[in-house]
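Structure first, then comments.
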Amino acid sequence: MSNRRKKILKELDLAPVWRSKSTHPKQGELITAELDEHKHSTSQPRSENDSAAALGIPQMNWKSLESTVSTCVACPLSLTRTQTVFGVGDEHADWLFIGEGPGAREDATGEPFVGQAGKLLDQMLAAIKLKRGNRVYITNIVKCRPPNNRNPTLNEAKQCEPYLTRQIQLIKPKLIVALGKVAAQNLLQSDDSISSLRGKVHDYSGTPLIVTYHPAYLLRALSEKAKAWKDLCFAVSIMKSLKG
Ligand code: URA
């Protein structure tokens, strides 16, 4: 509108000029329309792999991977965590130990396996002459603590999978040790019992994987420690054969 026209309308006491509501969308309508347009113009990720690719996770280095994990809100565990628990150890480890998810102590400190189960894991490592951080990397299926230490859901594990996949690609371990049923079943995409998964060399995308009991379970079922010892000896023999 020209200044001259504005002046005339003001003189006539007809300014400011109101538009009819019927020809102007309400704010809510406009937002909905914009969202609809966005929905139709943006192709939605179809799976965790698509989302991971869209975020560039498969190309990330350690630093960007860890920082992406630390701000992840892909699943409801992000709402209750204190902090993410990325993993700890040698970034070029031969041995990769994978548990299920952080507990209370891990959630408070940001390091995996630092509670009672962690102490037992350290003893298990020492029994086969290994040490946290020295040729060993330790992480979990999910990087945030499930409330009340419940098992992670299938969806939570799926949402977190691209991070673990990238960690494994970066570490290139010679052998993966799945600690407990949750880790084993998620990594092997299997419903089989832990007893049927033990004692075998499985394949995880080209990396040998063996299964043993979770240290937290061993703390409750002391009689199973002998079986875990057998698994560790088996793991050592596999590692020896891998090194030729
Ligand atoms: N249990 C796990 O599976 N992971 C941890 O980090 C601690 C306890």
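Just so it is clear, none of the values below were taken in a lab; they were calculated from the coordinates. Please read these numbers as outputs of a predicted model, since none were measured by experiment. Positions of Cβ are generated from backbone atoms using ideal geometry, with glycine treated the same way; all protein chains shown enter the neighbour counts.
Some points to look at:
- Cα-based shape type of the range 89-244, given that a ≥ b ≥ c are square roots of the gyration tensor eigenvalues and the cut on a/c is 1.5: rounded
- The three principal axes of the C-alpha atoms in the range 155-213 carry coordinate ranges of 29, 28, 16 Å, sorted with the longest axis first.
- In terms of the mean number of neighbouring beta-carbon atoms within 10 Å, the peptides 184-190, 95-101 order highest first as 95-101, 184-190.
- In this entry, the range 171-244 is assigned a mean projected area of 5.0 nm², taken as a quarter of its C-alpha convex hull surface.
- Scalar couplings 3J(HN,Hα) for the range 72-82, obtained by applying the Karplus form with A = 6.51, B = -1.76, C = 1.60 to θ = phi - 60°, are 5, 10, 6, 9, x, 4, 5, 6, 10, 6, 7 Hz; x denotes Gly and Pro.
- Each residue of the range 197-207 is assigned a 3J(HN,Hα), and the resulting list reads 8, 5, x, 10, 9, 9, 10, 10, 6, x, 9 Hz, derived from the Karplus form 6.51 cos²θ - 1.76 cosθ + 1.60 (θ = phi - 60°), x at Gly and Pro.
- Couplings for the range 105-118, taken from phi via the Karplus curve 6.51 cos²θ - 1.76 cosθ + 1.60 with θ = phi - 60°, read 5, 5, 4, 7, 9, x, 10, x, 6, 10, x, 4, 5, x Hz in order; Gly and Pro are left as x.
- Pairs of alpha carbons in the range 110-173 whose separation is greater than 17 Å (percent): 50 percent
- The range 79-195 - charge dipole about Cα centre, Lys and Arg +1 at Cβ, Asp and Glu -1, debye rounded to 20: 200 debye
- The residue list 242, 184, 218 was ranked by how far each Cα lies along the charge dipole of the range 168-244 toward its positive end, using unit charges on Cβ atoms, and 242 comes out on top.
- Charge tally in the Cβ shell below 9 Å around residue 140, where Lys, Arg are +1 and Asp, Glu are -1, residue 140 excluded: -1
- Per residue convex hull volume, Cα atoms of the range 202-244, in Å³: 65 Å³
- Based on C-alpha pairs under 8 angstrom that are at least 6 apart in sequence, the range 67-211 has a relative contact order of 29 percent.
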